[in-house]
Amino acid sequence: MTPWLPAALAYVAGWLDFQRRQHDQPGVAVAIASGGEIVLEAAFGSADLATGEALTPRHGFRIASHSKSFTAAGIMRLVEDGRLRLDDKVGSLIDGLHPQVAAVTIGQVLSNSAGLTRDGPDNGQFFDRKPYCDRAELLADLAAPPVFPAAQRFKYSNHGFALLGLVIEAVTGLSYSEWITDEVVAKIGLLETKADIELWGPRPLAKGHSGTQPLGYRVVIPGDNPGRAMVSAAGFVATAADVARYFAQLSPRAETSLLSPLSRREMSRRLWPDDEASLGRHYGYGTIHGGDGDWRWFGHSGGFQGFITRTCVFPEQDLTVSVLTNAIDGLAHPWLDGVAHILRTFAERGAPPAGTESWSRRGWCIWGAGDLVPVSGHVLVANPALFTPFLDAGEITLDGPDHGRITRASGFNSPGEPARLVRDESGAVQSIWLGGGRFIGEEDMKVEMLARYVEKTSG
């Protein structure tokens, strides 16, 4: 394992737990793979706010459009086996399509550049207002002309990936769920991944949740809708660890994989830019892409009623991160970006040296929490309330086991002033002083606030 990674993983877990509480989210599960090995697996919060069931790493989530990456791998498997070509016309395999839809290629549908309708004329299935489309409804929608000509622009289409599910059925003679389970899920060895909710069985399942508005509180959204003909676009259920395992083996650097290196390079290649958004992202073959330099990534995200999820592979770092949330306003996107920010900071700053363990801690005052995070040569002063906790982080240079000086900080803070740890009689760290500010543990902060602001008021 990379020397800096254990310290980074420890901070990721503590930061995510804090973030979930800070933003009053129901739950979050995270998994990180180094190569093909899961090196962090954690869950925080509740699987079901109505019952108070605690969320665990074994809870499954509706991972929604992550399903597209499974479908894409299935298509690439059929291409490798010579049973399909990316330039095959979909109309050569599926009847009943509008002639212009029939003329688009498998590759164009796979890269969301076929110009197809996103969800048909009534996408109430994504608003929890009607069941997901069956085959007849899907084909009826695709009997209408496409919205744009093929290969004109990136245009995301759930109907397109549902159509690819029909293509897999036409080529294999099996149902999509049966074939993808046998030839993708099982071949990779995923034990906590199912193509649809009906296959999940008695395993623990995280419930979805609404936002706090307009009711002023969250309600449970069961998230148990069968995917029907939309399974290949949005039906999958999985744990964070299995999602990370799946995407890790898609990396071109993976030692073992379902797919050949050529197919993996194709899936991790940027094809179509999302020009009308400011995120700087691209779409490939069933994969979303972003980032720059050695931290370029590919992966996918998902939005199911009650769930927001996201996974990224960082090939140059040989790392894969999956963040799953069970709320419709879940913060999987900024949280994954925050995890990447933490990993990148440790990669750049290096592993903490021996003897600095006492400086790795969170301190509280009435203004909130601050984190001391040792790295090579310094102790960083991070803000766990931020999505990028090391943004403008101060730095402490140690000159003894319990003493140092703030050698880098905003001029509005305390640059040049001392930093020290204060221990009790047993030798345990009792408080932290940064300049003239004293920071204490969370439980001590609760006691102080209750005594100062609650007990006096109630008395």
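Rule-based calculations on the coordinates, nothing more; no lab input. What you are looking at is a predicted structure, and each value in this text was computed from that prediction instead of being measured. Note: ideal-geometry Cβ built from the backbone for every residue, glycine included; neighbour counts use all protein chains shown.
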Hey, if you put +1 on the Cβ of every Lys and Arg and -1 on every Asp and Glu Cβ in the chain, which of 146, 339, 286 ends up farthest toward the positive end of that dipole?
-> 146
Whose amide H sits under 5 Å from the amide H of residue 375, counting only residues 5 or more places off or on another chain, with H placed in the peptide plane?
-> 380
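To the nearest 20 debye, what charge dipole does segment 76-222 have about its Cα centre, counting +1 at the Cβ of each Lys and Arg and -1 at the Cβ of each Asp and Glu?
Details: 15 positive and 18 negative charges, 105 e Å.
Around 500 debye, computed over segment 76-222.
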Once the dipole of the chain is set up with Lys and Arg at +1 and Asp and Glu at -1 on Cβ about the Cα centre, which of 27, 126, 430 lies farthest towards its positive end?
-> 126
Please list the non-local residues whose amide H lies under 5 Å from the amide H of residue 239, H modeled 1.01 Å from N, same-chain partners needing a gap of 5 or more.
-> 61
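Kindly put 356, 256, 212, 287 in sequence by how many other C-beta atoms sit within 10 Å of each C-beta, fewest to most.
Values: 356 19, 256 9, 212 13, 287 27.
In order of increasing Cβ crowding within 10 Å: 256, 212, 356, 287.
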Could I have the simple spin-label model distance between residue 224 and residue 453, label points 7 Å from Cα toward Cβ, reported in nm to one decimal?
-> 4.1
Degrees separating the helix 67-80 axis from the principal Cα axis of the chain, which is the longest one | 50
Positive-end residue, segment 2-70 charge dipole about Cα centroid, Cβ charges, pick of 16, 4, 65 | 65
Under 14 Å from the Cβ of residue 405, count the other residues' Cβ atoms, weight Lys and Arg +1, Asp and Glu -1, and hand me the total.
-> -2
At 7 Å along the Cα-to-beta-carbon direction for both residue 279 and residue 260, put a label point, then send me their distance in nm to one decimal.
-> 3.2
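Calculate, in nm to one decimal, what residue 174 and residue 431 gain on full extension: separation in residues at 0.36 nm each, minus their alpha carbon distance. List each step's numbers first, then the result.
Values: separation 257, 0.36 × 257 = 92.52 nm, distance 6.39 nm.
Extra length available between residue 174 and residue 431 comes to 86.1 nm.
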Net lengthening on full extension, residue 397/residue 81 (0.36 nm per residue, minus Cα-Cα) | 107.9 nm
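When the expected Rg is taken as 2.2 N^0.38 Å, what fraction or multiple of it is the alpha-carbon Rg of the chain?
Numbers: Rg = 24.6 Å, N = 459, 2.2 N^0.38 = 22.6 Å.
For the chain, the normalised Cα radius of gyration is 1.09.
Please give me the summed charge of the neighbours of residue 41: other residues whose Cβ is under 13 Å from its Cβ, Lys and Arg +1, Asp and Glu -1.
Details: positive: 58, 245; negative: 37, 192, 242.
Neighbour charge sum, excluding residue 41 itself: -1.
Taking the beta-carbon count within 10 Å as an exposure proxy, list 127, 247, 314 from fewest neighbours to most.
Values: 127 9, 247 24, 314 21.
Ordered from fewest to most neighbouring Cβ atoms within 10 Å, 127, 247, 314 come out as 127, 314, 247.
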Partner lysines for residue 194 [C-alpha distance under 28 Å; skip if fewer than 8 residues away on the same chain] = 68, 130, 155, 207
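From the C-alpha coordinates alone, can you work out the Kirkwood hydrodynamic radius of segment 357-458, in Å? Each step should come with its number before you reach the end.
On the way: mean 1/r = 0.0700 Å⁻¹.
Roughly 14.3 Å, rounded to one decimal.
How do the peptides 186-199, 370-383, 401-414 rank, highest first, by the average count of neighbouring beta carbon atoms within 10 Å per residue? Walk me through the numbers on the way to the answer.
On the way: 186-199: 18.7, 370-383: 21.7, 401-414: 14.5.
Taking the mean over residues of other Cβ atoms within 10 Å, the ranking is 370-383, 186-199, 401-414.
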Give the distance, in whole Å, between the Cα centre of segment 286-308 and the Cα centre of segment 52-77.
-> 13
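Ranking 219, 171, 231 by Cβ neighbours within 10 Å, fewest first, what do you get? Could you put the intermediate results ahead of the total?
Details: 219 13, 171 17, 231 26.
Final ranking by Cβ density, sparse to dense: 219, 171, 231.
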In terms of Cα to Cα distance under 16 Å, which lysines are near enough to residue 89, apart from those fewer than 8 places away along the same chain?
-> none
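What dipole magnitude, in Debye to the nearest 20, does the chain give about its Cα centre under +1 on Lys/Arg Cβ and -1 on Asp/Glu Cβ?
Numbers: 42 positive and 52 negative charges, 85 e Å.
Using Cβ point charges on Lys, Arg, Asp and Glu, the chain gives about 400 debye.
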Proximal charge balance of residue 313 [Cβ under 12 Å; K/R count +1, D/E count -1] | +3
Chain lengthening between residue 21 and residue 292 when straightened (0.36 nm per residue, less Cα-Cα) = 94.5 nm
